[in-house]
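All remarks here apply to the structure that follows.
The values are calculated or read from the model by the stated rules, or taken from the named source; none is laboratory data. What you are looking at is a predicted structure, and each value in this text was computed from that prediction instead of being measured. Cβ sites come from the backbone with ideal geometry, for glycine too, and all protein chains shown count toward neighbours. Keep in mind that these areas ignore ligands, DNA and RNA; they rest on the heavy atoms of the full protein, side chains included. Shrake-Rupley method; radii C 1.70, N 1.55, O 1.52, S 1.80 Å.
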Amino acid sequence: MAEIGNHIEQAKALLDQGEVVAIPTETVYGLAGNALNEEAILKIYTVKNRPKFDPLIAHVDSMEKVKELVSEIPDEAMILAENFWPGPITILLDKNSKVPDLLTSGLDRMAVRIPNHPLSLELLSQLDYPLAAPSANPFGYVSPTSAQHVQDQLGDKIKYILDGGMCSIGLESTIIGFEDGKPVVYRLGGTKVEAIQSVIGKVDIKVNMSSNPAAPGMLKSHYSPGRKLVLGNIDENLKSLDSATTGVISFSDSFDVPQTNLAILSKNGDIDEAARNIFAALRKMDQPHIKVILAEYLPNEGLGRAINDRLKRASV
Ligand code: TXA
Ligand code: MG
């Protein structure tokens with residue numbers, strides 16, 4: 001099993017040796033390695049069992065370090081960076097030759113983000129390389145929002161998990177890029193589309209459910225809780241099912257199933273709280289006796305859009 005602790009120097013020592021280490025961010029935990037070291041990048045793909053056509057995000061702690069990796073930063077990207085970094089938004093920018101093709105799966109654009117977590121910002125400030133970090137889950141499974149989630153699934157494959165507590169956002173970053181100078185959101189995530197639009201105006205949203213060449217990681221098989229998930233009116237759907245073997249993920253209401261089978265995302269109907277709880281709820285349903293999961297859509301606004309996106313992906 002991996003050691004769980006909050007020692008930055010221990011994480012740094014392993015990363016300096018080309019090892020991979022799990023790190024906390026405000027969105028989800030990442031599986032981090034030196035983004036400029038091909039061996040470290042390969043280790044990330046191996047530990048996650050992730051296909052190499054699915055590129056990785058580079059994490060840094062300052063705008064100066066972003067500038068060292070990319071060939072140019074469009075004005076609107078600069079506005080996004082100023083408004084939302086450090087924070088849950090990833091921006092696609094043209095990479096320069098310093099960045100290995102392996103990081104971007106051969107694409108000309110790289111994904112970069114300044115995360116907003118004190119431990120990881122401190123760690124990044126002590127490194128002279130960026131950290132490649134996908135979510136720290138096996139490929140296709142739900143993202144981890146606590147150190148224990150990482151331990152449960154990758155603990156036998158890595159040495160150290162830097163423990164930064166529960167993730168404060170609970171959903172992966174929003175991914176945005178530019179096509180012919182126009183902003184396009186490729187993944188709904190922790191930065192609300194409404195907030196983005198309030199600073200750069202209207203954005204296109206292209207979150208393909210099948211294989212999306214611009215963001216190949218957004219495959220429909222993602223976020224699988226390991227069993228069938230049915231979206232819709234929970235009351236109605238529950239009528240024809242055995243409550244002993246049915247899991248329920250509701251926004252705010254309680255339902256007549258055993259406590260072990262029930263996850264209420266926010267008793268007060270708070271969408272941001274629901275975001276913090278959604279991935280733990282999907283994991284809770286991964287129990288042998290649960291045969292089917294019932295869930296419902298949240299209001300399609302703010303982080304509700306990203307939660308609905310993840311639920312939809314988990315259901316196909
Ligand atoms: O919140 C997050 O973004 C977390 C934390 C750890 O920062 N990371 C994360 O990484 O969710 P990952 O690898 O699980 O998802 C990132 C997605 C990939 O699936 C990929 O499709 C897309 O970002 N991506 C990465 N680089 C890209 C690129 N150069 N062009 C297009 N899409 C890219
Ligand atoms: Mg992921």
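Computed values, structure above
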| read-out | value |
| --- | --- |
| Solvent-accessible area of His7 with every protein chain in place, 1.4 Å probe, in Å² to the nearest 10 | 80 |
| Length added when fully stretched, Tyr297-Lys267, from 0.36 nm per residue minus Cα-Cα | 9.3 nm |
| Helix axis angle, 75-84 relative to the chain longest principal axis, alpha carbon, degrees | 60 |
| Accessible carbon and sulfur surface of segment 228-314 relative to its total accessible area, %, 1.4 Å | 45 |
| Intensity falloff of segment 1-103 expressed as log10 I(q)/I(0), Debye formula with alpha-carbon point scatterers, at q = 0.19, 0.22, 0.23 Å⁻¹ | -1.11, -1.36, -1.42 |
| Extension gain (nm, one decimal) between Glu122 and Ser105, 0.36 nm per residue minus Cα-Cα | 3.3 nm |
| Computed magnitude of the charge dipole of the chain (debye, nearest 20; Cβ of K, R +1, Cβ of D, E -1) | 920 |
| Evaluated over segment 64-197, the Cα radius of gyration and Dmax, each in Å | 15.4, 45 |
| Sum of side-chain charges, His7 neighbourhood, beta-carbon under 13 Å (Lys, Arg +1; Asp, Glu -1) | -2 |
| Angstrom value of the Kirkwood radius, inverse mean 1/r, which spans all Cα pairs in segment 228-314 | 12.7 |
| 1.4 Å probe accessible area per residue over the chain, in Å² | 41 |
| Inter-label distance, nm, simple model (7 Å from Cα along the C-beta direction), His7/Glu179 | 4.9 |
| Karplus (6.51, -1.76, 1.60) ³J(HN,Hα), θ = phi - 60°, over segment 29-42, in Hz, Gly and Pro reported as x | 6, x, 9, 9, x, 4, 6, 9, 10, 4, 5, 5, 4, 4 |
| Within a Gaussian network of the chain (alpha carbon springs, distance under 10 Å), most fluctuating of Met63, Met285, Met166 | Met63 |
| Distant-in-sequence amide H partners of Val292 (H built 1.01 Å from N, under 5 Å) | Gly247 |
| Heavy atoms of Phe139: accessible area, 1.4 Å probe, square angstrom to 10 | 60 |
| Over 31 Å [Cα-Cα, the chain], rounded percent | 28 |
| Candidates Gly18, Gly181, Gly164, ranked by Gaussian network fluctuation over the chain, Cα under 10 Å, top entry | Gly181 |
| Relative contact order (%) - criterion: Cα under 8 Å, at least six apart; region: the chain | 20 |
